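Before any comments, here is the structure.
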Amino acid sequence: MTGYFSETYREARDRLLNLVREAADWNHEEIRHPEPGPDAQPIYTDVLWRGPRDARRVLSITSGTHGAEGFCGSALQSWIASEAPQLPDDTAIMLVHAVNPYGFAHIRRVNEDNVDLNRNFIDFADGRPENRAYAEIFDLLNPQEWTPDTPAEIAAELDRLRSEKDQLAMMKMISGGQYDFANGMQFGGFEPAWSRRTMEDIWQRYLQSAKIVVQIDVHTGLGPDGVGVLMMAADDEEPHKAITGEWLGPMFVTPRPRSRAETVLGGYMNAGMEQQVDAWVIPMTLEYGTRPSNEVLLAMIEDNWLVHHGEIDSEAGRAIKERLLRVFYPADEIWREKVMVRGQEVLAMALAGLGTLDPDGVPLGACD
Ligand SMILES: [Zn+2]
C-alpha cells in the first residue's frame, strides 16, 4: 500500500498521471507554473475529474498547498485514481494535484514568492492584517547567521516564550501569518499568489454546477506522530459541523474569526473556496502529525535562512533540504502505512456521506 508514495514531485506527478491514464475515465487538465522545477523541467498544477461534468455533488481533494507537505496528499490521490471508487448518482471527484507545485518540487512549504498559501486567501483590498507580536520575534525566526548553536538557541527562546504566553497568543505570534516581511517566515503575501489565482480559476470553471462540495486539503507536520486529524473552521450552529461529525467522528473545530483583529490565523485556501464557490462547501483539512512541533518549526526556520542567506546547492544546503523534507514526509514505512489507512478511511466515509446529501435540500444559509 505504501507503493503510492513517491520521493520527488516529478515521480509523484508521473505516478498519478499514469494511474489516471490506465483508469481511462478521468479528465485531465494541466496548468503550467511560470517557473521550472529543480530539474529545469516544467511543473504543473494538475486537475483530474471523474464523473459527470455537471454533477451537483463533488468530492474535492487537494494536495501540496504547503508544497513539501504534498507527498501524502499525492499518495492518497494516486490511491483514489487506481481504486476508482463507485460514485453515487450526480456525484464527481475532483483531484487538484500540487496546489503549490513550486514548493512541492523545490521542497519548500511556501511558494516561489516565500508565501504561505494558507495565509494568502485574504481580501487584500481590505488592507493587510497586522501581526504586531510577530515583529517582536522577527529576529528569532529569521536569523542572519546560522551556526551549529543556532537551533538550540532558538528552541530555548521559544520555550521561554511559551512559559510566558498562552497557547493561542503563541500560535498567533509565530504561525498566525504576517504581511510585512517578504523574506520572513509565515509571510502571507502582498497580493493573491499564482496558486491562489489558479485555484480560483479552477473553482470557477469546474464547480459551476456544484451544489454541495466536500473539500479535503491534505497536510502534514502538525499533531501526534502518524495520526491523521480532521480539522475545520465552523461555528456551532453551522450544519456541516454536525453532519461531518456523524460521518467521520471527532474533528478539531476552530470557531470562525469574529473581528478584524482575529484575521491573524486567517487566509486559508478552504476559506477562500467557501467564499468563491457558489455552493455549500464543507471544508476540511486532513493533517498528519510527523515530528515534535519545535523540530518542524526549526526545520522551516533553517530552510528560510538557507533560501535567503545560504547556498542551496552545497552539502550543507542539501542537508537542510533533506531535514525539511523529512519533518513533513518521514521515510518510515509504518508511518506511511498509517497515513494510507487513515486517508482511505476518511475519503471513503466522506464520499459515502456526500452521497447521502440531497442537492435540492441544501440548508438555508449554508452557501455564503
Ligand atoms: Zn500544511
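Mind checking which helices (runs of 4 or more DSSP H) fall wholly inside the range 125-225 and carry at least 1 residues that are surrounded by fewer than 22 Cβ atoms within 10 Å (Cβ to Cβ) and small (Gly, Ala, Ser)? Before you say what the answer is, go through the steps one by one.
Working: elements: 132-136, 138-141, 150-164, 167-175, 194-206.
Of the helices (runs of 4 or more DSSP H) lying wholly inside the range 125-225, those with at least 1 residues that are surrounded by fewer than 22 Cβ atoms within 10 Å (Cβ to Cβ) and small (Gly, Ala, Ser) span 132-136, 150-164, 167-175.
Pairs needed: first member in the range 279-303, surrounded by 19 or more Cβ atoms within 10 Å (Cβ to Cβ); second member anywhere, among the aromatic types (Phe, Trp, Tyr); C-beta distance under 7 Å; at least 6 residues apart or different chains.
The qualifying pairs are Thr290/Phe328; Glu302/Trp146.
Kindly establish whether Thr220 is over 29 Å from Ala98 (Cα atoms) and modelled with pLDDT of 95 or more.
Numbers: over 29 Å from Ala98 (Cα atoms): no; modelled with pLDDT of 95 or more: yes.
Considered against the rule, which asks whether it is over 29 Å from Ala98 (Cα atoms) and modelled with pLDDT of 95 or more, Thr220 comes out as no.
This table checks each residue for (1) among the aliphatic types (A, V, I, L, M); (2) more than 21 Å from Asp217 (Cβ to Cβ); (3) more than 16 Å from the ligand (Cβ to nearest atom).
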residue: Arg13; (1), (2), (3): no, no, yes
residue: Ile61; (1), (2), (3): yes, no, no
residue: Glu69; (1), (2), (3): no, no, no
residue: Pro101; (1), (2), (3): no, no, no
residue: Asp116; (1), (2), (3): no, no, no
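Could you tell me which residue of the range 41-63 is farthest from Leu17 (Cα to Cα), considering only residues that are in contact with a Pro (Cβ under 7 Å, 6 or more places away or on another chain) and not charged (D, E, K, R)? Steps first, please.
Step one: list which residues in the range 41-63 are in contact with a Pro (Cβ under 7 Å, 6 or more places away or on another chain), which gives 42-45, 56-57.
Okay, now just the ones that are also not charged (D, E, K, R), so 42-45.
Working: Pro42: 15, Ile43: 13, Tyr44: 12, Thr45: 12 Å.
Checking each candidate, the answer is Pro42.
Listed residues Leu306, Leu357; which is over 23 Å from Met231 (Cα atoms) and not small (Gly, Ala, Ser)?
The conditions single out Leu306.
Could you pull out every one of the strands (runs of 3 or more DSSP E) wholly within the range 226-339 that has 1 or more residues that are at pLDDT 95 or above? Please lay out each step first, then the result.
Values: elements: 228-233, 252-254, 280-289.
Of the strands (runs of 3 or more DSSP E) lying wholly inside the range 226-339, those with at least 1 residues that are at pLDDT 95 or above span 228-233, 280-289.
Let's see how each residue does on (1) small (Gly, Ala, Ser); (2) within 16 Å of the ligand (Cβ to nearest atom):
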{"residue": "Gln204", "(1), (2)": "no, no"}
{"residue": "Leu207", "(1), (2)": "no, no"}
{"residue": "Val218", "(1), (2)": "no, yes"}
{"residue": "Gly221", "(1), (2)": "yes, yes"}
{"residue": "Ala233", "(1), (2)": "yes, yes"}
{"residue": "Pro250", "(1), (2)": "no, no"}
{"residue": "Gly266", "(1), (2)": "yes, yes"}
{"residue": "Ala271", "(1), (2)": "yes, yes"}
{"residue": "Gln275", "(1), (2)": "no, no"}
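Pairs only if they're at least six apart or on different chains, beta carbon under 7 angstrom, first in the range 220-234 and over 22 Å from Ile282 (Cα atoms), second more than 15 Å from the ligand (Cβ to nearest atom); list them, first residue then second.
If the second residue must be more than 15 Å from the ligand (Cβ to nearest atom), the pairs left are Gly226/Trp335; Gly226/Lys338.
Do we have Arg57 as modelled with pLDDT of 95 or more, surrounded by 20 or more Cβ atoms within 10 Å (Cβ to Cβ), within 16 Å of the ligand (Cβ to nearest atom) and of a type in the set (Lys, Arg) here?
Details: modelled with pLDDT of 95 or more: yes; surrounded by 20 or more Cβ atoms within 10 Å (Cβ to Cβ): yes; within 16 Å of the ligand (Cβ to nearest atom): no; of a type in the set (Lys, Arg): yes.
No, not satisfied.
I need the full set of residues from the range 281-297 which are away from the ligand (no atom under 13 Å from the Cβ) and more than 13 Å from Ala233 (Cα to Cα), in order please.
First pass over the range 281-297, keeping only residues away from the ligand (no atom under 13 Å from the Cβ): 281-284, 291-292, 294-295.
Selection gives Arg291, Pro292, Asn294, Glu295.
Identify all residues within the range 1-24 that are of a type in the set (A, V, I, L, M, F, W, C) and at pLDDT below 95; write none if there are none.
Our first condition is that a residue be of a type in the set (A, V, I, L, M, F, W, C); within the range 1-24, this holds for 1, 5, 12, 16-17, 19-20, 23-24.
Residues satisfying the conditions are Met1, Ala23, Ala24.
Of the residues Thr65, Thr45, only one is away from the ligand (no atom under 16 Å from the Cβ) and either in contact (Cβ under 8 Å) with a residue 12 or more places away in the chain or among the β-branched types (Val, Ile, Thr) (or both); which? If you could, list the steps in order and put the result at the bottom.
On the way: Thr65 fails: away from the ligand (no atom under 16 Å from the Cβ).
Just one listed residue meets the conditions, Thr45.
The values are calculated or read from the model by the stated rules, or taken from the named source; none is laboratory data. From a predicted model like this one, the values you see are computed outputs, not experimental measurements. Cβ sites come from the backbone with ideal geometry, for glycine too, and all protein chains shown count toward neighbours.
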